[in-house]
Amino acid sequence: MISRSSLGRITQLNFKQCCYQPANRRGLAAAVSESFKFQTGEAAGVKIASRDLTGPTTTLSLVAKAGTRYQTLPGIVDGLEKFAYKNTEKRSSLRITREAELLGGEISAYHSRENLVLQAKFLRDDLPYFVELLAEVASKTNFTAHEFHEEVIPILTLHHQRFLTSTQDLAHNSAHGIAFHRGLGAPLHATPSTLSKYLTEEAAIAAYSAAAYAKPNIAVVANGADPSILSKWAGEFFKDYPTSREATILESSASKYYGGEERTDHKSGNSLVIAFSGSRSFATGSSYKPEITVLAALLGGQPSIKWSSGFSLLSKAVSGHPGATISTAHATYSDAGLLFITLNGNANAIRGASAEVVKTLKSVAAGEVSKEDFSKAVALAKFRALEAGQEITSSLELMGSGLIHGIKPLQLDEVARTIGAVNVEQVTKAAKGMLSGKATVSAVGDLYVLPFAEEIGLTFLIRYNRYLAVSARVVRRSLKEGPRLQAERRGEMELKFAKWEVSLMSGE
Amino acid sequence: MSQPSFTNFIIKRPWLRRWMTPLANWYTDAAGYRKLGLRADDLIPEESETVELALKRLSQKEAYDRVFRLRRAFQVGILSDGSVCFKAARMLIGHSDVPYLTPIIREIEAEKKEREDLESMVIKRRPA
């Protein structure tokens, strides 16, 4: 143990200086508005964005609006993702790998429900090489038959087998399917029928690639690169990007929330997902509902502090059911969102805990939220939103998809402000809205024990209040002209108008 | 396992080509495989990793046709006493004796060579 007096006086002084008065003190607001902003532009007809964070490394992403919701055949996005960095017209996949290794870079590809992302991380000076590589992969991949059969299909098969063993992935997938049916509800990964029926030829993937990587459908986004330098190299390497691709556009119908219940038997584990219609992503501009993000933080379930069960409502509510882990997430997409509560673990514990979850949600809807819990939830929601903007991979994808959809790019200071402005009534109203709508419930595992939606208190029937409102309206409408006008003035009517353009709701 | 070939060397020299063509035709005819309805590429020994992989990479139709030709050749060989030639097949083969397997073998060899080259690569730092 070092006593304080044993440290030199100078050290002590330094210690005081560093902790009591940081030399370069900056408020949060300053940090938000300066460093999160991307500079956007266009080079050779391709949308680009970059933020020049000081640091020795760069992350470069090519975001294509070609996730599973745009797929033309089931599993085709998976196939295209696995074809990334394979033989191109100019060089072999082996050479791509070895060159990236030599430069100390890291190349990867992944897809989400909305986007397909090619990503490269490397030392700052190697930007030209990787811009060229991404342009080449997107436009000049060969899609050879032997790579498809020898590399893509075996990897897809393994991937699929892993997916089948994860009850949580299955439950999330089925919840999306129930909630959105087609489009956003399309399975995120290849399914058995995909490999045997649909994904049998590389030609289909090549055709999809032409549409997916078409110029208007992609954005090149960099973190830690000088915008002018990125623009210069993108201009050079995307110059001979094929123009014949400019006509093809991938379409997906506007998302609609349905809801319902699905139960899947599974022998190795139990998962239950309870989901409700959420809010679309804040990157899309209009009609972002920050209260749902706050509600997700308020329900929580996963502790944000080590060695503690956490203070969120759900972790408190289910503490009597050890053996079940619980988490709440709010997945936001360009035109819809899904708030989902996931329970994993022992089937009996899940059965008990899920009833508590619904009880908690009902108490939130009844307005029984303490002020302290609420302010904690707002702080957590704000932190998560800002962290997502700072975290490189997610912010690049958000930024890229914002650029492609042609809407205002990531503005996190604004998001933090809207989240901060949420009040308890809004959250209560959101919870009420969820409970009165149709829930999505997906159970995967031991179906003998796992509960039905009705058993845990979620009902798909019309509630009594709703029944009264409907019947009253029918009575009013069947009156004679005079009394009807009077009665209709008394009857509360709401009209909501929303204009839809290219699967996005324009400003309300 | 692609076979060594002087083809390109000869084709580039018209006088040599004119001189060699009748000789080559006589040779392939005398080799006798066309009489059994086979193609030259059917004779490449299969017992090597490269050729095995190349055979896997054949399209379904090519692979089926190859097996068909081989089986036909066995049966013709057994039935005939050598004087009976397989006329129908020979008519057909004269035009279709194309290398269907060699290009794939060359491709695989190029891949292997690239891998070996990259493996034995020496990195030279450019003087800064």
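The values are calculated or read from the model by the stated rules, or taken from the named source; none is laboratory data. These figures come from a predicted structure and were not determined experimentally. Here the Cβ is made from the backbone with ideal geometry for all residues, glycine too, and neighbour counts use every protein chain on show. In case anyone asks, the SASA skips ligands and DNA or RNA and just uses the protein heavy atoms, side chains included. Shrake-Rupley method; radii C 1.70, N 1.55, O 1.52, S 1.80 Å.
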Filter result for residue A:151 (in contact (Cβ under 8 Å) with a residue 40 or more places away in the chain, part of a helix (DSSP H, G or I) and open to solvent by 20 Å² or more (accessible area, probe 1.4 Å)): yes
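Kindly check whether there is at least one residue in region A:340-351 that is within 30 Å of residue A:170 (Cβ to Cβ), basic (Lys, Arg) and crowded, with 20+ Cβ neighbours inside 10 Å.
Yes - at least one qualifying residue is present in region A:340-351.
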Restricting attention to region B:42-59, which residues are open to solvent by 40 Å² or more (accessible area, probe 1.4 Å), away from chain A (no Cβ under 14 Å) and in contact (Cβ under 8 Å) with a residue 24 or more places away in the chain? B:45
Residues of region A:294-320 satisfying the condition of being open to solvent by 30 Å² or more (accessible area, probe 1.4 Å) and touching a strand residue (DSSP E or B) at 6+ places or on another chain (Cβ under 9 Å): A:302
Being away from chain B (no Cβ under 14 Å), buried (at least 17 other Cβ atoms within 10 Å of the Cβ), touching a Phe, Trp or Tyr at 6+ places or on another chain (Cβ under 7 Å) and within 29 Å of residue B:53 (Cβ to Cβ) is the requirement here; does residue A:131 meet it? no
Filter pass, residue A:115 being of a type in the set (S, T, N, Q), away from chain B (no Cβ under 14 Å), over 28 Å from residue B:108 (Cβ atoms) and touching a Pro at 6+ places or on another chain (Cβ under 9 Å): no
If we keep only residues of region A:60-96 that are over 23 Å from the mean Cα position of the chain (by Cα) and aromatic (Phe, Trp, Tyr), then the residue nearest to the other protein chains (Cβ to nearest Cβ) is A:85
Of the residues in region A:160-192, those that are open to solvent by 50 Å² or more (accessible area, probe 1.4 Å) and either among the hydrophobic types (A, V, I, L, M, F, W, C) or assigned to a helix (DSSP H, G or I) (or both) number 7
Can you confirm whether region A:402-414 contains a residue that is open to solvent by less than 50 Å² (accessible area, probe 1.4 Å) and closer than 19 Å to residue A:291 by Cβ? yes
Here's a check for you: in region B:110-124, which residue that is among the hydrophobic types (A, V, I, L, M, F, W, C) and more than 16 Å from residue A:91 (Cα to Cα) is most open to solvent (accessible area, probe 1.4 Å)? B:122
Just to be sure, is residue A:116 more than 24 Å from residue A:400 (Cβ to Cβ), assigned by TED's automatic domain parsing to the domain that holds residue A:219 and not β-branched (Val, Ile, Thr)? no
When every residue in region A:115-128 that is surrounded by fewer than 17 Cβ atoms within 10 Å (Cβ to Cβ) and over 29 Å from the mean Cα position of the chain (by Cα) is compared, the one farthest from residue A:68 (Cα to Cα) is A:125
Answer yes or no as to whether residue A:386 is surrounded by fewer than 23 Cβ atoms within 10 Å (Cβ to Cβ) and assigned to a helix (DSSP H, G or I). yes
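Could we say that residue A:425 is under 16 Å from the mean Cα position of the chain (by Cα), of a type outside the set (A, V, I, L, M, F, W, C), more than 21 Å from residue A:184 (Cα to Cα) and open to solvent by 20 Å² or more (accessible area, probe 1.4 Å) here?
No, not satisfied.
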Residues that are modelled with pLDDT of 85 or more, open to solvent by less than 50 Å² (accessible area, probe 1.4 Å) and either within 30 Å of residue A:145 (Cα to Cα) or within 14 Å of another protein chain (Cβ to nearest Cβ) (or both): does region B:80-100 have at least one? yes
Tally of residues being within 24 Å of residue A:429 (Cα to Cα) and buried (at least 24 other Cβ atoms within 10 Å of the Cβ) across region A:260-273: 1
